[in-house]
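Below is one structure; the comments refer to it alone.
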Amino acid sequence: MAKRSLQASAEGIRKAKQAFKRKGWTQEYLAAEVGLETRQPIWKFFTGKPIDRHVFNDICFILELDPSEILLAPAIEEFTPGETSATPYSVDIDTLVQKLRSAHYEKIQDQCGTLKLLDIAQPITLNDLYVDVNILEQISSQRWINIHELQNSESQDFDQFDLEGLRQERVSGLEAVIKYSKLLVLGKPGSGKTTFLQSLAINCNQGVFLQEYLPIFISLKNFAEDIRERPQLSLFNYLHEYLINLDISEADLTTILTNGKALILLDGLDEIMGDDFEKIVWKIPNFIDKFYKNKIIITCRIAAHDYNFPGFTQVEIADFTKPQIAAFAQRWFLSVAKNPPDQAQALANKFMQKLELPENWQILELASIPILLNLTCLVFQFIEDFPVNRSELYRQGLDLLLVRWDEARGIKRDGGIPAVGDRIYRDLSLLHKIKLLSRIAAITFAQGDYFLPETKMRQLIAGYLIQLPNATTDADALELESAAVLRAIAAQHGLLIERARGIYSFSHLTFQEYFTAREIVANHDNQMLGELVNHLTEKRWREVFLMSVGILPNADELLNLIKQKIDALIGENAKLKTFLHWLKQKSQAVDTPYHPASVRAFYFSIALPSEYSLSRNQNLAILIDRRLAGNLTIDLALDLALIHALGVSMAMTAEIFFQRFSALILALDLEHLLKKETSLQQLLQELKNDLPTPSQGRQALKTWWQMHGADWTDKLRTLIINTRQIGYQWQFTPEELQLLQNYSDANKLLLDCLNSAADVTPSLRDSLERSLFYFDDENQNQT
């Protein structure tokens, strides 16, 4: 007779929990799918307890599992020859583990199953938001790299730091935990160290992995606080007190630990202050020595430890990749912002599209850190875009790292970590810390230094410290203090980090740019702003300009200086002055409703050689007046079409004339634009009539273009010059083309600064917008 109840095997439970996780359901939801009134049978199923066979089979069916692969095989009563007493003992251990896991299940779920995000009122279920982290098996600060390899890299590559030849392989967090029994997991502030441990606890608790282990999650900060009251308290006794309310006896806990059946997660070594640190790092090794068989994972900020636990492998949490950012965003807009699934997915797609635009690469780089990614999603949720004034977003990000992240978790680092010895740093006010970072950023950025040897970084810090009231004048003491301050900044805030052995930089180029802008604004005068505008044509200074106008209480002075510098770019070059004079005349001659500066930008682009990158690029013109993105007025559409036809003709060769003939005819098909230009229409028709016909054959057309093509193209050019005053051969030299590129980039920067400025006098804003691509030769001569 068949058994009325069935139970799952340990391997069956593992498979079932994997299938359950893929579904993304709760136990209550699964119970409803099976037709149960309570989730009790579901809980029994996942803990290996017997349940009604029909319910067992229904659960397997809903989870798309084969019951025969899940079912615990009937016990065999006979002893196997050679069997020893180890077998029943191991069964007892497994039974004890499952007993304690069941007793501990709800506590772990309550302790680790939710996240509290800054500026979000309600806790979020961990599994609704968590994205699996990647692990670097080699710590950045332990790598030996020639600093010249970093200094010679492009600044755009600086943020990712995965420079060619220096890339590190990443492994999943779960893979690292399975691979190593003892792990010290390091990471930058806000990189997700605690959340990673919580995820390990939940996955173990739900049997996704290490289902034969008892998960235990301990906050080392809380342990340290208890030790202050009871110095003799051991980690074992603390664990027992942690579990005692669950009817887990000391003997049970000892048996589990002795047999290495615990997954012990110790969070926040860096959060232990002062004398507590020495006590903790003494008690943990004592515990490990006694119960060495268990899996133990400790987290710590990457620069906040000088202590190496024997037998531990050090790994580092990697920054998020683009796919991880996208996965987090989709979950954030669904679970945190509470959008319907379709809307959440649409918002996440839009978020990534915006994030991957070239102008947003700084924000993309910041979003690689989970704490800053949460802030970025929060900002995006309300406007479905990123703010034009980026300085406020960066200020909030720095506020998180400098103050709010520790405050939210009740951590006061004023006690100092003995390994860091940051007495001098904790004595600095927040304002002095910001001023110090601003000074370092401004000096290094102006020199083009993104990576500095530790000695140079300490010299910069010492240069600031010596100017403070009551500063030491002893060179040796100042040397020690500057070294301590450097380590403290790296440990507490992660704003300066050790990229490789003895090589430091700002953790993000954006922060170096922001602090540089802040130093300029804090000390702004005619000389300081004048020095800034001297960098107008240097691309790496672009963000500093945008942040400076965003921080300045009034940006009028800086904007005027930028405009003066733009006009000075042309200098005394007669050809470029003639070109800009033509640009002004041509834009005034056409009849359009568009912003005058937009029209000038339009003609600027179509007047450049067709092979040049800016030729016919209308992006800037559209930024000035978005109406240009629609149907152009007749004048602009006709001029653009004629320049296109001229470009097709100039690119033609005898070899391709036969294949490209139809493209040329199509480019000259402008009757829809020439209804009021009958004379021009007739002249174009006469030019078309001069062309041969395709029926004459490939060779005839090739011969014709060899003999007449250049003359025909010259006639077309002469026609559009005489009738439309466009198509001139300016014969710009490479140096003049570079000047025009600089001129265009500078006008775009001025436009972006106007859009980013926190405060600009309205009349000046209007005047500067109208002056874009406008060169007043008379005023320039006067200046």
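In whole angstrom, how long is each semi-axis of the equivalent ellipsoid of region 163-295, when you take the square root of 5 times every eigenvalue of its Cα gyration tensor and sort them from largest down?
Those come to 26, 20, 13 Å.
I'd like to know how region 650-783 sits against the 2.2 N^0.38 Å rule of thumb: what's its Cα Rg over that expected value?
Cα-based Rg divided by the globular estimate yields 1.57.
Grab the eigenvalues of the alpha-carbon gyration tensor for region 477-625, scale each by 5, take roots, and send me the semi-axes largest first in whole angstrom. Display every interim value, and only then the final one.
Working: eigenvalues 370, 63, 43 Å².
Ellipsoid half-lengths, sorted descending, are 43, 18, 15 Å.
May I have the extent of the alpha carbons of region 260-320 along their three principal axes, as whole Å values ordered from largest to smallest?
33, 31, 16
Quick one: length gained pulling LYS322 to ALA663 fully straight, 0.36 nm per residue minus the C-alpha distance?
Full extension from LYS322 to ALA663 adds 118.7 nm.
Can you give me the relative contact order of the chain as a percent, contacts being Cα pairs under 8 Å and 6 or more apart?
For the chain, the relative contact order is 11 percent.
What order do you get for 432-440, 54-62 when each peptide is scored by the mean count of other beta carbon atoms within 10 Å, highest first?
Result, highest mean Cβ count within 10 Å first: 432-440, 54-62.
Keeping all protein chains in the complex and leaving out DNA, RNA and ligands, what accessible area do you get for LYS748 with a 1.4 Å probe, in Å² to the nearest 10?
That residue has around 70 Å² of solvent-accessible surface.
Beta carbons within 10 angstrom, averaged per residue: use that to sort the peptides 530-539, 267-276, 482-491, highest first.
482-491, 267-276, 530-539
More than 16 Å apart: what percent of Cα pairs in region 327-384 qualify?
Working: 564 of 1653 pairs.
Summing the P(r) of region 327-384 above 16 Å gives 34 percent of all pairs.
Taking region 493-538, which trypsin sites (Lys or Arg not before Pro) meet the DSSP loop condition and have no more than 15 other C-beta atoms within 10 Å?
Those satisfying the criteria are ARG501.
Counting only DSSP beta bridges with both residues in the chain, tell me the antiparallel percent, nearest 5.
Numbers: 16 of 36 bridges.
Around 45 percent antiparallel, to the nearest 5.
Return the long-range amide H neighbours of LYS295 (sequence gap of 5 or more, or a different chain), with a cut-off of under 5 Å between placed amide H atoms.
Counting only residues 5 or more places away or on other chains, the set is ALA262, ILE264.
Per DSSP H run of n ≥ 4, the term is -39500 (n - 2.57); total these for the chain, divide by its residue number, and report the mean residue ellipticity at 222 nm rounded to 500 deg cm²/dmol.
Helix contribution divided over all residues of the chain: -17000 deg cm²/dmol.
Once you place label points 7 Å from the Cα toward the Cβ at GLN741 and HIS240, how far apart are they in nm?
Result for the modelled spin labels: 7.4 nm.
Could you give the accessible area per residue of the chain, probe 1.4 Å, as a whole number in Å²? Spell out each step's value before the answer.
On the way: 36410 Å² over 783 residues.
Accessible surface, normalised per residue, equals 46 Å².
Could you give P(r) for the chain, binned at 10 Å from zero, as whole percent values over all Cα-Cα pairs?
Over the chain, the share of Cα pairs per 10 Å bin runs 2, 11, 17, 18, 15, 12, 10, 8, 5, 2, 0 percent.
Arrange the residues TRP332, TRP361 by how much accessible surface each exposes, largest first, with a 1.4 angstrom probe. Don't jump to the answer; show the numbers that get you there.
On the way: TRP332 5, TRP361 60 Å².
The ordering from most to least exposed comes out as TRP361, TRP332.
Charges at C-beta only: +1 for Lys and Arg, -1 for Asp and Glu. How large is the resulting dipole of region 670-760 about its Cα centre, in Debye rounded to 20? Could you put the intermediate results ahead of the total?
Numbers: 9 positive and 11 negative charges, 112 e Å.
Computed charge dipole of region 670-760: roughly 540 debye.
How much FRET efficiency would the formula 1/(1 + (r/R0)^6) give for GLN685 and GLU359, where r is the Cβ-Cβ distance and R0 is 56 Å, rounded to 0.05?
Calculated transfer efficiency: 0.80.
Which whole-angstrom value gives the distance between the alpha carbon centres of region 625-662 and region 462-494?
About 64 Å separates the Cα centre of region 625-662 from the one of region 462-494.
How much of the accessible area of region 286-360, in percent, comes from carbon and sulfur atoms when a 1.4 Å probe is used?
52
Take the alpha carbon atoms of region 208-280, find their center, do the same for region 509-570, and report the distance between the two centers in whole angstrom.
Taking the Cα centre of region 509-570 as reference, the centre of region 208-280 is 54 Å away.
Local charge sum around VAL34 (other residues, Cβ-Cβ under 14 Å, Lys/Arg +1, Asp/Glu -1)? Please list the in-between numbers first.
Working: positive: LYS23, ARG39, LYS44, ARG53; negative: GLU28, GLU33, GLU37, ASP52, ASP58, GLU64.
Its environment carries a net charge of -2.
Ranked highest first by average number of other Cβ atoms within 10 Å, how do 100-109, 315-324, 608-617 line up? Numbers along the way, then the final one.
On the way: 100-109: 17.9, 315-324: 19.5, 608-617: 14.3.
The most tightly packed comes first, giving 315-324, 100-109, 608-617.
What trypsin sites (Lys or Arg not before Pro) in region 210-307 are in a loop by DSSP, with at most 14 other Cβ atoms within 10 Å of the Cβ? Don't skip to the end; give the middle numbers.
Working: sites: LYS221, ARG228, LYS261, LYS279, LYS283, LYS290, LYS293, LYS295, ARG301; in loops: LYS261, LYS293.
Sparse-neighbourhood loop trypsin sites (Lys or Arg not before Pro): LYS293.
Quote the charge dipole size of the chain about the Cα centre in Debye, to the nearest 20; the model charges only the Cβ of Lys and Arg (+1) and of Asp and Glu (-1).
On the way: 80 positive and 99 negative charges, 196 e Å.
Computed about the Cα centre, the dipole is about 940 debye.
Looking only at region 575-616, which residues have a backbone nitrogen under 11 Å from a spot 7 Å from the Cα of ARG770 in the C-beta direction?
596-597
The values are calculated or read from the model by the stated rules, or taken from the named source; none is laboratory data. Fair warning: this is a prediction, and the values are worked out from it, not measured in the lab. Methodologically, a virtual Cβ is constructed for each residue, glycine included, from the backbone with ideal geometry; neighbour enumeration extends over all protein chains shown. Note: accessible area is taken over every heavy atom of the protein model, side chains too, but ligands, DNA and RNA are not part of it. Shrake-Rupley method; radii C 1.70, N 1.55, O 1.52, S 1.80 Å.
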